[in-house]
C-alpha cells in the first residue's frame with residue numbers, strides 16, 4: 001500500500017475548492033465587494049474594509065454593523081485518463097459567512113472594529129466507486145477567523161490600519177477507502193477528524209486618496225500555520241481484516257499546513273458622483289507550500305510518517321469591478337476576476353482540483369430609509385479543464401494522486417444586511 005495516497009486528502013486542512021480564489025484561498029468576505037469581482041483594497045466602501053484593507057476603515061464615514069452569508073454550490077466532474085464513465089461529486093453546499101462592526105467618533109480620525117469571517121472551508125463528496133476513492137471519498141472543513149482592527153486617518157487623504165488575524169476555530173474531517181476487504185467483503189475505510197490550534201497573524205494596510213476621483217490602497221495579510229497536534233487529531237479505521245489489523249493501529253495524527261501570506265494593491269476611480277470603479281491585484285505567496293508531512297502515533301498501512309509533495313508556485317489574481325447608484329436607494333454592481341492557479345502540472349489533487357479560473361459577478365444594494373440596507377450578490381466561476389497524465393505523475397514523483405481530467409463550475413449566491421449610524 002502507498003502510504004502517501006492514504007492521507008492525500010489531508011492537504012485540504014482548512015481549505016476550499018469551491019470558492020472564489022485559487023488553491024485553497026477564499027475571498028467572500030464582503031457582500032458589496034462580492035458583487036464587484038472581489039475588489040476592495042483601493043476602496044472604502046463599508047466595514048468590510050477590515051478584511052480588504054484595514055487602512056481604508058478610517059475613511060469609512062458611517063459607523064455600522066453588517067452580516068452576510070454565501071452559498072457555494074459546485075458542480076465538479078472527473079474522468080480517468082484511460083476512459084470510463086464520468087464521475088460527479090454528490091451535491092453539497094458550503095455557507096461561508098461574514099460579520100463586521102465598526103465604531104468611532106462620527107467626525108473623528110479614529111476607527112475601530114471587529115470582523116468575523118470564514119476564509120477557509122469546504123465540503124466535497126465524490127461519487128461512490130470513483131477511481132480516486134483510495135485517495136479521497138469525503139471531506140468536510142470548517143473555520144472561523146476573528147480580526148479586531150484599528151485604523152487612523154493621519155490626514156484627510158492618508159490613513160493606515162492593522163488588525164490581529166486570529167484562527168479562532170478550525171476543524172477537518174477526511175475520509176477515504178482502503179484497498180482491503182474484511183470477511184464480509186466490505187471495503188476498508190479510514191477517517192481523520194481533527195481540530196486546529198488557535199493561531200495569530202496580522203492584516204495591515206495603507207490607503208491614500210489624493211483627490212475625490214482617485215484612491216490607492218495596499219495591504220498585507222500574514223501567513224498563518226494551521227496546526228493539528230496529535231491530541232486533537234483522531235484516526236479511526238473500519239472494515240480492516242483481522243490479519244492486517246497490526247498495520248492499522250494509529251489513533252492520532254499531527255500535521256501543519258501553511259495558510260499563505262497575501263500582498264495586495266488596489267486602485268479606486270470615481271469618474272462621477274454615482275459611479276465607482278475598482279481594480280485589484282493580489283499576490284499570494286503559495287511557494288511556501290512545498291510538501292505536506294504527517295506524523296502518526298502508530299502504523300498506518302505499516303508506516304508512521306507520510307510525506308506528499310505539493311511544490312506550489314506564487315500566483316496572482318486580477319480583479320475589476322464597479323458600482324453605479326441608480327436611485328437614492330438602489331445601487332447596482334458588476335465585476336470579474338481571473339485567478340492563476342498555484343498548482344503545477346502533475347500536482348493536482350482530488351481535494352483541490354484547481355485550475356486557472358474566470359469569475360463573473362453581479363450585485364445590488366437597496367437602502368430602506370437612513371439606516372437599514374440589504375446587499376445581494378451572485379458569482380459564476382468557471383475553472384479551466386485540468387488534465388494530468390500518469391506519465392506526469394511518475395515523472396514528478398506524485399503517484400499518490402489520480403491521473404485524469406477535472407472540470408468544475410461554481411455558483412455562489414449571497415445576501416447581507418447592514419445597519420449604519
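Out of region 106-126, which residues are surrounded by fewer than 18 Cβ atoms within 10 Å (Cβ to Cβ) and touching a residue at least 24 places away in the same chain (Cβ under 8 Å)?
106, 109, 110, 114, 116, 125 - these are the residues of region 106-126 that are surrounded by fewer than 18 Cβ atoms within 10 Å (Cβ to Cβ) and touching a residue at least 24 places away in the same chain (Cβ under 8 Å).
Do you know which of the residues in region 331-348 that are buried (at least 19 other Cβ atoms within 10 Å of the Cβ) and under 16 Å from the mean Cα position of the chain (by Cα) is farthest from residue 28 (Cα to Cα)?
Checking each candidate, the answer is 343.
Tell me the residue from 320, 244, 279, 275 that is more than 27 Å from the chain's Cα centre (by Cα) and over 30 Å from residue 185 (Cβ atoms), please.
Testing whether each residue is more than 27 Å from the chain's Cα centre (by Cα) and over 30 Å from residue 185 (Cβ atoms) leaves just 275.
Can you name the residue in region 304-348 that is modelled with pLDDT under 90, in contact with a helix residue (DSSP H, G or I) (Cβ under 6 Å, 6 or more places away or on another chain) and part of a strand (DSSP E or B) and, of all such residues, is nearest to residue 217 (Cα to Cα)?
308
Suppose we keep only residues that are closer than 30 Å to residue 119 by Cα and surrounded by 22 or more Cβ atoms within 10 Å (Cβ to Cβ) within region 240-259. Which one would you say is modelled with the highest pLDDT?
Checked region 240-259; the qualifying residue modelled with the highest pLDDT is 253.
Return yes or no: is residue 275 more than 30 Å from residue 142 (Cα to Cα) and modelled with pLDDT of 95 or more?
When the stated conditions are applied, residue 275 passes them.
Tell me, yes or no, whether region 389-407 has at least one residue that is in contact (Cβ under 8 Å) with a residue 24 or more places away in the chain and under 24 Å from residue 271 (Cα atoms).
Checking region 389-407: not a single residue is in contact (Cβ under 8 Å) with a residue 24 or more places away in the chain and under 24 Å from residue 271 (Cα atoms).
Can you give me the number of residues within region 380-415 that are in contact with a strand residue (DSSP E or B) (Cβ under 6 Å, 6 or more places away or on another chain) and in a strand (DSSP E or B)?
Result for region 380-415: 18.
Does region 264-288 hold any residues that are outside any strand (DSSP E or B) and either under 23 Å from residue 215 (Cα atoms) or in contact (Cβ under 8 Å) with a residue 60 or more places away in the chain (or both), and which are they?
Once the filter is applied, which keeps residues that are outside any strand (DSSP E or B) and either under 23 Å from residue 215 (Cα atoms) or in contact (Cβ under 8 Å) with a residue 60 or more places away in the chain (or both), region 264-288 yields 270, 271, 272, 273, 274, 285, 286, 288.
Which of the residues that make up region 351-362 are touching a helix residue (DSSP H, G or I) at 6+ places or on another chain (Cβ under 7 Å) and not in a strand (DSSP E or B)?
351
Just wondering, is there one or more residues in region 290-298 that are at negative phi, loosely packed, with under 14 Cβ neighbours inside 10 Å and part of a loop (DSSP other than H, G, I, E, B)?
Yes; the residues of region 290-298 include at least one that is at negative phi, loosely packed, with under 14 Cβ neighbours inside 10 Å and part of a loop (DSSP other than H, G, I, E, B).
For (1) buried (at least 18 other Cβ atoms within 10 Å of the Cβ); (2) touching a strand residue (DSSP E or B) at 6+ places or on another chain (Cβ under 6 Å); (3) on the phi > 0 side of the Ramachandran plot, each residue gets a yes or a no:
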{"residue": "182", "(1), (2), (3)": "no, no, no"}
{"residue": "196", "(1), (2), (3)": "yes, yes, no"}
{"residue": "224", "(1), (2), (3)": "yes, yes, no"}
{"residue": "228", "(1), (2), (3)": "yes, yes, no"}
{"residue": "263", "(1), (2), (3)": "no, yes, no"}
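Touching a helix residue (DSSP H, G or I) at 6+ places or on another chain (Cβ under 6 Å) and surrounded by 22 or more Cβ atoms within 10 Å (Cβ to Cβ): which single residue out of 377, 365 fits that description?
None of the others qualify; the one that does is 377.
The values are calculated or read from the model by the stated rules, or taken from the named source; none is laboratory data. Note that the structure is a prediction, hence the values are computed from the model and not measured. When we count neighbours, we look across all protein chains shown, and the Cβ atoms used for this are built from the backbone with ideal geometry, even at glycine.
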